[in-house]
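Working notes for the structure below.
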Protein chains: 2
Amino acid sequence: MTTPIAQAPTTELAGTMFVGSEPVAGTGPEVRSVDPRTGEDLAPAYHFAAPSDVERACLLAEEAFDAFRSTHPWQRARFLERIAHHLTEAGEALVARAHLETGLPVARLQGEVGRTTGQLRLFAATLCEGSWHGARIDPAQPDRTPQPRADIRRRLVPLGPVAVFGASNFPLAFSVPGGDTASALAAGCPVVVKAHEAHLGTSELAARAILAAASETGMPEGVFSLLVGDGAGTGTQLVGDPRVQAVGFTGSRTAGLALTRAAAERPQPIPVYAEMSSVNPVVLMPGALAGRAERLAGEFVGSLTLGGGQFCTNPGLVIAVEGGDLDVFTTAVAAHVETDGGSTMLTPRIARSYRQEADTVSGRPAVEIIARGAEPATASAGRALFAAVTGDAFRADPEIQREMFGAASVLVRCRDLAEVADVVRSLEGQLTATVHTAESDLGDARALLPLLERRVGRVLFNGWPTGVEVGHAMVHGGPYPATTDARSTSVGSSAVERFLRPVAYQDIPDSLLPQPLQDGNPYGIPRRVDGTLTLG
Amino acid sequence: MTTPIAQAPTTELAGTMFVGSEPVAGTGPEVRSVDPRTGEDLAPAYHFAAPSDVERACLLAEEAFDAFRSTHPWQRARFLERIAHHLTEAGEALVARAHLETGLPVARLQGEVGRTTGQLRLFAATLCEGSWHGARIDPAQPDRTPQPRADIRRRLVPLGPVAVFGASNFPLAFSVPGGDTASALAAGCPVVVKAHEAHLGTSELAARAILAAASETGMPEGVFSLLVGDGAGTGTQLVGDPRVQAVGFTGSRTAGLALTRAAAERPQPIPVYAEMSSVNPVVLMPGALAGRAERLAGEFVGSLTLGGGQFCTNPGLVIAVEGGDLDVFTTAVAAHVETDGGSTMLTPRIARSYRQEADTVSGRPAVEIIARGAEPATASAGRALFAAVTGDAFRADPEIQREMFGAASVLVRCRDLAEVADVVRSLEGQLTATVHTAESDLGDARALLPLLERRVGRVLFNGWPTGVEVGHAMVHGGPYPATTDARSTSVGSSAVERFLRPVAYQDIPDSLLPQPLQDGNPYGIPRRVDGTLTLG
């Protein structure tokens, strides 16, 4: 498929947000993204949305909702595929701008374009497959005694307009065109994104790609808006708007909980899917340490320092039994960390926060600093940290398990495997837990698995938590405070379920039934008929 | 299958709660159920749980959790089936006691035993079918470029111990052995029920049936507890207990919102599934009124006064276009209502509340009383009410759409179908909406359907909302304030999903994987493999 050149979105930055498809300059305070490597402000200037802009974006989203949710799922699939197309076309400009705004390496950002477009295509495929409708049919039983049974059918419908708050650390895959937007659009929910102020230009380019695709595929005006503003003002107004029916968020615990409170205090409370913080414990089992301590050390530091440690799934906690093998691991980690030159962090503010958090944890009485990275060349670079603490001390001081957003990790040295289990029991909810095993560890790992499973969204063996595969089986979520809703994932095809709710239809004439439930199964989708799954 | 007589639970009442399987007398204030027909206290006396009883019930539930969730789903299915068996065996005693405590007719309560046991058996069948596991497998792709794909598998796991608060109006089907308990146990969650003080004896008998089944089928101690107490004390402590991971509730909006607040203010917030209030709008389309106004009137009053109007799905609102056909309907309804002798309400307090609510709505300036039932013989009986208001007045006064829990309904007289649509747009979230149509109404009904769909959990045509079928396709839920979580249903087999969350397993050796995800598919369940549904 080719796009007429006339429809290709421009890659010039105009410094605007978009209220529906209309570029709007904003009348609030000026804001600019910053080159984190130099601390310099970047052109163009953007301006915060006026309250009337937020209001109008929500109104347009509400007005678009009925038409959008009534589109054939294949039409929405094509919309998503065309977004992916335009992002690919704009790839070079997107990567260049995102590199300028985030300091993330070009190769990493090129990979992120692929991840983002792959994600959009996954949701397109999910829409066509059709299980997401949750279609169920319990046919009438007119002769049942003592009472006849009505014909009852059920499907899932979209919640309504969704507000999305993107993350700083993935300026595409978890931002404007990221998983929250893609899954909400797939569900049939119009989306209003509040752009992250750290990558406003990248956000504008991504919005242009989405709007071009919306226009090409005949989606209703208002199906997507991009707002510029701050969390306290624009963000709170957006979450409080009565037309918004759900919120997707990836970011800090403080911001996530503020949005959750705002959503709960509405006259009509709405669900908030906030993915907030996680230290992603890694358990090194004795057999694994005995067999490959040095290799594990190298891999661990690679995962720890990847992207400046600015991953939600960064391995911020290592748990192992003390002894000679752990000493080998620790010494090797120290050597790697000490030669790490640090990375420019996403924003000067994140760099400052990271220094504070690392200082706070390092300064706890029981914490021993094992190694620090080299003093970085610039103020906005993060310095890696590897510290250690005993199991007893870790369990006695909840501050030590707080996330440090950056390349910092704490080793918990345990007396024995029983204490490893106790440390695991003391953990808050997490996105991931990792276990490194040798064959000889499998019995003990089996006992550990149920403990980990209760506290996390994903358990992995003999790998590293950074790198979240976008597929059907992925869970990027987990018990509080990793997220505000452990029943959901923000990555993978089942992320679409966050924005749906069931409706039952009783004795509705076939011609009036939604297509997924009509007798002829015009969408050809899997359905559960009288409890039995049929493939459609 | 027969039960040894020795194991059959006694139907004598001891006046105890159960902390795990242990009968506990309670040391708090005395409480007794009341015969609502006479206002007399009933024997035996019960006592509120001490805080230590609540604590211990939660501790036992937590201790039971890992063993319980590890049971084969077929074992849990057998547990549920044995509960159904014991309820059936105890049916006569249950019905007699429930009749004494609630004033509900014996035939209705006999039907409720059947509904409750049918519901337990539905969840047993659901457990065996296996789709509830949500099993997904994305096999490894070791040769994928640029990076190999790990083996990732996902299933749903139970949340943990669940607190259940039963309703007064269904002393079995929405109480101790009701849908919340059955679906939580099916999910693998231990359950702690706070008994409704209006039917303590019925609760004790039902708890005995559950505990007998637990013992017979080898379920762990603590899988079920029954507590006696009040909402403010025992209930709040239960919801605040750190081991409780979800709450099921059916009852008033005030109580539901109080529990929701308590759950949100925990250090670790938890989901609350509260089914609270609904006026269940019924739209009478012009063709339907023209053809069968009198028949509709009779059926409507039957649904309105069923069980003293004490149904969550009671038709508390009728919407229609004014004119001669509506006058025929109104006159016929008035005749039926005026000869209605009223029913004893569930509790003296509910009768008082109902009188107040009916007086409040009747007293609103724009509300015209069309008919009242006969002055009832006793103070605890409810007097039916049928009132009317114009569409304009209805939309101007939100108080008029508040639930009156009893046989009261308000007719909204609209100028035309456009105003019917406006009235529908002004409605809060509801459990149900009903449309009565003739063939000539189908075009207009089609336009109304999306408006109704957005506001309700179930839309039905040409029937009455009372009577909630327990099946696979049922949705008994709806947007706030009908419930606190529009994404869920409290009736039907998908109610089990409320108590589950997804976990992904990455590169875990087959022998350590949970059975639903092992290569050999030992449970023989439907699974999604690389996105494609397989029937197992």
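The values are calculated or read from the model by the stated rules, or taken from the named source; none is laboratory data. All values derive from a computational prediction rather than experimental measurement. As a convention, Cβ positions derive from the backbone with ideal geometry for all residues, glycine included, and neighbour counts pool all protein chains shown. Keep in mind that these areas ignore ligands, DNA and RNA; they rest on the heavy atoms of the full protein, side chains included. Shrake-Rupley method; radii C 1.70, N 1.55, O 1.52, S 1.80 Å.
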> Between residue A:335 and residue A:254, what is the FRET efficiency for a Förster distance of 35 Å, r being their Cβ-Cβ separation, to the nearest 0.05?
Replying inline: 0.50
> Based on Cβ point charges of +1 for Lys and Arg and -1 for Asp and Glu, what charge dipole magnitude is obtained for the protein assembly as shown about its Cα centre, in debye rounded to the nearest 20?
Replying inline: 620
> Can you pull the mean other chain C-beta count within 10 Å for peptide A:245-252?
Replying inline: 1
> At what distance in angstrom do the alpha carbon centres of the stretch B:149-209 and the stretch A:223-296 lie from each other?
Replying inline: 30
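Relative contact order of the stretch B:358-465: what whole-number percent is it, with Cα pairs under 8 angstrom and at least 6 residues apart? Please list the in-between numbers first.
Details: 132 pairs, mean separation 22.3, N = 108.
Value for the stretch B:358-465: 21 percent.
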> Can you give the mean number of other chain Cβ atoms that lie within 10 Å of the Cβ atoms in peptide B:143-155?
Replying inline: 3
>> Accessible area of the stretch B:293-424 with a 1.4 Å probe: how many percent of it is carbon plus sulfur?
In response: 50
> What nm value, rounded to one decimal, do you get for the distance between residue B:447 and residue B:66 when each label is placed 7 Å out toward the C-beta?
Replying inline: 6.2
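Report the antiparallel proportion of the DSSP beta bridges in the protein assembly as shown as a percent, rounded to a multiple of 5. Don't jump to the answer; show the numbers that get you there.
Details: 58 of 146 bridges.
Percentage antiparallel, nearest 5: 40.
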>> Using a Förster radius of 25 Å, what is the FRET efficiency between residue A:232 and residue A:397 based on their Cβ-Cβ separation? Nearest 0.05, please.
In response: 0.20
> Whose Cβ in chain A comes nearest the axis that rotates A onto B, and by how many Å?
Replying inline: A:264, 3
> With all protein chains present, how much of the accessible area of the stretch A:209-268 (probe radius 1.4 Å) comes from carbon and sulfur, to the nearest whole percent?
Replying inline: 59
> Expressed in nm to one decimal, what extension gain is obtained for the pair residue A:327 and residue A:41 from 0.36 nm per residue of sequence separation less their Cα-Cα distance?
Replying inline: 98.4 nm
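Sort B:41-49, A:177-185 for me by packing, meaning the mean count of neighbouring Cβ atoms within 10 Å per residue, highest on top.
Working: B:41-49: 18.0, A:177-185: 31.1.
Highest mean packing first, the order is A:177-185, B:41-49.
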>> Using only the alpha-carbon atoms, how far is helix B:324-338 inclined from the longest principal axis of chain B? Give it as 0 to 90 degrees, nearest 10.
In response: 70
> Can you list, bin by bin at 10 Å, the percent of alpha carbon pairs in the protein assembly as shown, starting at 0?
Replying inline: 2, 11, 19, 23, 21, 14, 7, 3, 0, 0
>> Please give me, ordered by residue number, the trypsin sites (Lys or Arg not before Pro) of the stretch B:117-152 that lie in loop per DSSP and have at most 10 other Cβ atoms within 10 Å.
In response: B:144
>> Starting from 0.36 nm per residue, how many nanometres of slack lie between residue B:416 and residue B:59 once their C-alpha separation is accounted for?
In response: 122.6 nm
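How large is the dipole of the stretch B:90-164 about the Cα centre if only Lys and Arg carry +1 and Asp and Glu carry -1, each at its Cβ, rounded to the nearest 20 debye?
Values: 10 positive and 7 negative charges, 46 e Å.
Roughly 220 debye, rounded to the nearest 20.
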> In what sequence, highest mean first, do B:454-466, B:194-206, B:265-277 appear when ranked by Cβ atoms within 10 angstrom?
Replying inline: B:194-206, B:454-466, B:265-277
> If you place +1 on the Cβ of every Lys and Arg, -1 on the Cβ of every Asp and Glu, and leave all else neutral, what size is the dipole of chain A about its Cα centre, to the nearest 20 Debye?
Replying inline: 800
> Ordered by residue, what ³J(HN,Hα) values in Hz, to whole numbers, does the stretch A:476-483 give under the Karplus form 6.51 cos²θ - 1.76 cosθ + 1.60, where θ = phi - 60° and Gly and Pro are x?
Replying inline: 10, x, x, x, 3, x, 4, 9
>> Probe of 1.4 angstrom, ligands and nucleic acids ignored: what's the accessible area per residue over the protein assembly as shown, in square angstrom?
In response: 34
> Amide H to amide H under 5 Å from residue A:230: which residues, 5+ apart in sequence or cross-chain, H placed 1.01 Å off N in plane?
Replying inline: A:235
>> Give me the percent relative contact order of chain A, please, defined on Cα pairs under 8 angstrom at least 6 residues apart.
In response: 17
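Packing-wise, with mean Cβ within 10 Å as the measure, how do A:305-311, A:332-338 rank, highest first?
Numbers: A:305-311: 23.1, A:332-338: 19.3.
Answer by packing, highest mean first, reads A:305-311, A:332-338.
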>> In the stretch A:422-461, what residues drop by 40 Å² or more of accessible area when the other protein chains are put back, versus the chain on its own? Use 1.4 Å, and skip ligands and nucleic acids.
In response: A:442, A:446, A:449, A:453, A:454, A:459, A:461
> Using a 1.4 Å probe on protein heavy atoms, which residues of the stretch B:115-138 have at least 50 Å² less accessible area in the complex than alone?
Replying inline: B:136, B:138
> What number, in percent, do you get for the relative contact order of the stretch B:74-178 if the mean sequence gap of Cα pairs under 8 Å and at least 6 apart is divided by its residue count?
Replying inline: 26
> From the label point of residue B:254, set 7 Å from Cα along Cα→Cβ, how far away are the matching label points in the other copies, in nm, ordered shortest to longest?
Replying inline: 4.0
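Summed for both chains, how many Å² of accessible area, to the nearest 100, are buried between B and A with a 1.4 Å probe?
On the way: alone 21010 and 21000 Å², together 35970 Å².
Using a 1.4 Å probe, the pair buries roughly 6000 Å².
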> Just counting partner chain Cβ atoms within 10 Å, what average do the residues of peptide B:156-166 show around their Cβ?
Replying inline: 1
> What list of ³J(HN,Hα) couplings, whole Hz, do you get for the stretch B:49-66 from phi and the Karplus terms 6.51, -1.76, 1.60, once you set θ to phi - 60° and write x for glycine and proline?
Replying inline: 5, 6, x, 5, 5, 4, 4, 6, 4, 5, 4, 5, 4, 4, 5, 6, 4, 5
> Considering only protein heavy atoms and a 1.4 Å probe, what is the carbon-and-sulfur percentage of the accessible area of the stretch B:21-114?
Replying inline: 56
